[in-house]
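The values are calculated or read from the model by the stated rules, or taken from the named source; none is laboratory data. Source: prediction; values computed, not measured. Glycine gets a Cβ as well: all are built from the backbone with ideal geometry, and neighbour counts include every protein chain shown. Heads up: the accessible areas ignore ligands, DNA and RNA and are worked out on the full protein's heavy atoms, side chains in. Shrake-Rupley method; radii C 1.70, N 1.55, O 1.52, S 1.80 Å.
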Amino acid sequence: MGFQPEEFVVSEQKSAAPKSAQRVIKKYPNRRLYDTDTSTYITLAEVRQLVMSNQQVVVRDAKTGEDLTRSILLQIILEEEAGGAPMFTEAVLANIIRFYGHAMQGFMGAYLEKNVQAFTDVQAKLAEQSQSVTPEMWAQFMSLQSPMLKGMMGNYVEQSQSMLTQMQEQMQKQTEQMLGAFGLKR
């Protein structure tokens, strides 16, 4: 389940419009971004808006064709984090950093990806069902904590726990293999 920049889709939320072709943004040496669909230069904020509107986006170096999508997305996240309402605490960021180079790095990435996608799916279902709901109805719905909401969140929590269990089992297997390689048995 590796990350494929060429196939990067910001979100797989269902929308009324059919999926559009991949939006190619070229990054020039002067750090300007050029939208090949509109034949105009755009800002990082406009790339963010494309992402927010569920556009398929790929950013390529204008000279080499190198895929810069991850770099630009990380730059957008950095700006959002510095913008005054960060999503990640320093502790979370430090823990993410600690997984780089760790034997569980790949598994941690997949764990985070699946959890974010599960959370996005729950959010999309709630948004879809709340389109015809008035603010008063929404307040009543939330105060009752309906079985549907509990069910959706329960699925998310269950999936998260399952992934964590898999991660722990993987760590245990790797530890046993490492101990076995040194002639130590548990």
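What to note about this one:
- Total residues in segment 68-110, condition of a type in the set (Asp, Glu) and open to solvent by less than 80 Å² (accessible area, probe 1.4 Å): 1
- GLN129 being over 24 Å from SER160 (Cβ atoms), without any contact (Cβ under 8 Å) to a residue 60 or more places away in the chain and open to solvent by 30 Å² or more (accessible area, probe 1.4 Å): no
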